[in-house]
Amino acid sequence: MYNQPMLKENSLQGKTLIVTGGGTGLGYSMSKYFLELGANVVIMSRKLDVLEESAQILSKETGNTNVLPLACDVRKYEDIEAVLKTSVDKFGKVNGLVNNAAGNFISPTERLSNRAFDTVVDIVLKGTYNCTLALGKYWIENQIPASVLSIVTTYAWTGSGYVVPSACAKAGVLALTRSLAVEWAKYKIRFNAIAPGPFPTPGAWERLFPPALAETDLGKKLSPEHRVPLGRVGEHQELANLAAYLVSDFSSYVNGEVITIDGGEWIKGAGEFNDLNEMPNQMWDFLEQMRKK
Ligand code: HXC
Ligand code: NAP
């Protein structure tokens, strides 16, 4: 079963975690599981109405009412300081941060305005270092051990055309993760990242796999079923399990790591002969006969 919760009950009891972009998509699914495991969770993003509705559903579904929805634009440092203050006032302290908020769309790079480029880089990279810096200063000053988890992508290290602002920004987030994993280890602050492959969410799908494209031959070639060796997309619980492990004390010796959860997608693109997957058995039979001759 790949849609079952993994950690034992109350694994996150006593922890307060801030999840950026926690009201939708993967942020919502991670927040839900954190709440199920007993954490206090602060979900924050720009749209307070979305967050408030999500918070209500999360409380109802998990039976844990310790979910706090707060409006915040991660591009604004003062917004994050305000979120931190309200969270500490409500829950006493904060022990973890999930940098999950993102902006992205597909476009040929030469068609982008400089503002479009800024928009994605500011949400993803500036948003991540703003949150990390604000929380980091607080943890260091108050001597609180903490865990930071950032959601990147596999093109953070391969790069990818047509999502270039996102690729640049995610690469920066990965560099931040690996750099501070070393620099702030002395303060007992751990840094890790998850690089997901395709996990369907409305936010990602409407921007990256629009229906008009999905119905074309190219769309079929781009579909996760075609691209992912395991032949399927990810289940949100699979990602939530990994995220919960990385913010929990079970992973207390894991630091500076990026864990890929993509069904083998990126490595398939990297291996020179992997497309031989598509060669029919008759052709292998034929080649074998030729060799034996
Ligand atoms: C080209 C675009 C564009 C597009 C916006 N812009 N969308 N350019 N193609 N599709 C340009 C605008 O014209 C404008 O430039 C500038 O970007 C800012 O646009 P706004 O709409 O004013 O920005 P804003 O309201 O801040 O919205 C940010 C956003 C939006 C990123 C554009 O899509 C958003 O809110 N996204 C949040 C959620 C999201 O993106 N989720 C997907 C994450 S998925 P000008 O010059 O005209 O002023 C993900 C998965 C990765 O990361 C891997 C998957 C396998
Ligand atoms: P999503 O639902 O669109 O999530 C993006 C979230 O970011 C939204 O909740 C959005 O909320 C928030 N956000 C955007 N701009 C913000 C800002 N300026 N300040 C604060 N919050 C902001 O998409 P998703 O698929 O769940 O993506 C979640 C994460 O997973 C992202 O980091 C993405 O890059 C990564 N990822 C996803 C996939 C996938 O297949 N889904 C694959 C690889 C990586 P508001 O609009 O309310 O601000």
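According to the Kirkwood expression over distinct Cα-Cα pairs, how big is the hydrodynamic radius of the chain, in Å?
Across the chain, the inverse of the average 1/r is 20.2 Å.
Please list the radius of gyration and Dmax for the stretch 108-207, considering alpha-carbon atoms only, with Å as the unit.
15.1, 47
What translational diffusion coefficient, to the nearest whole µm²/s, does the stretch 251-293 have by Stokes-Einstein, given a Kirkwood radius computed over alpha-carbon pairs, a temperature of 37 °C and 0.692 mPa s viscosity? Walk me through the numbers before you get to the answer.
Numbers: Rh = 13.9 Å.
Roughly 236 µm²/s, to the nearest whole number.
Residues with amide H under 5 Å of ILE18's amide H, sequence separation 5 or more or different chain, H placed in the peptide plane at 1.01 Å from N; which?
Sorted by chain and number, the residues that satisfy this are VAL42, GLY96, LEU97, VAL98.
Run the helix sum for the chain: -39,500 (n - 2.57) per DSSP H stretch of 4+ residues, divided by residue count, reported at 222 nm to the nearest 500 deg cm²/dmol. Mind dumping the intermediate values first?
Working: 14 runs with 141 residues, N = 293.
The helix contribution divided over the chain gives -14000 deg cm²/dmol.
Please turn the phi angles of the stretch 264-280 into ³J(HN,Hα) values with the Karplus equation 6.51 cos²θ - 1.76 cosθ + 1.60 (θ = phi - 60°), one per residue in order, whole Hz, x for glycine and proline.
Once rounded to whole Hz, the list reads x, 4, 6, 6, 4, x, 8, x, 3, 9, 4, 5, 5, 3, 8, 6, x.
Along the charge dipole of the stretch 11-99, Cβ charges K/R +1 and D/E -1, which of GLN56, SER29, VAL98 sits furthest on the positive end?
Going by the Cα projections, it comes out as VAL98.
What nm value, rounded to one decimal, do you get for the distance between LEU222 and LEU287 when each label is placed 7 Å out toward the C-beta?
Inter-label distance under the simple model: 3.0 nm.
With the calculation restricted to Cα positions, what are the radius of gyration and Dmax of the stretch 48-125 in angstrom?
Cα-based Rg and Dmax for the stretch 48-125 come out at 16.1, 49 Å.
Which percent of the Cα-Cα distances in the stretch 6-158 go past 22 Å? The partial results should precede the final answer.
Working: 4629 of 11628 pairs.
Of all Cα-Cα pairs in the stretch 6-158, 40 percent lie more than 22 Å apart.
Run the simple label-point estimate for GLU53 and ALA204 please: 7 Å along Cα→C-beta, distance reported in nm.
Label at GLU53, label at ALA204, 2.2 nm between them.
Quick one: length gained pulling GLU215 to LYS8 fully straight, 0.36 nm per residue minus the C-alpha distance?
Working: separation 207, 0.36 × 207 = 74.52 nm, distance 4.22 nm.
Full extension from GLU215 to LYS8 adds 70.3 nm.
For the stretch 201-293, taking Cα atoms only, what is the radius of gyration to one decimal and the Dmax to the nearest whole Å?
19.1, 61
A short reminder: the numbers here are calculations on the coordinates, not readings from a lab. Just so it is clear, the model here is predicted, and its values are computed rather than measured. Here Cβ is always computed from backbone atoms with ideal geometry, including for glycine, and neighbour counts include all displayed protein chains.
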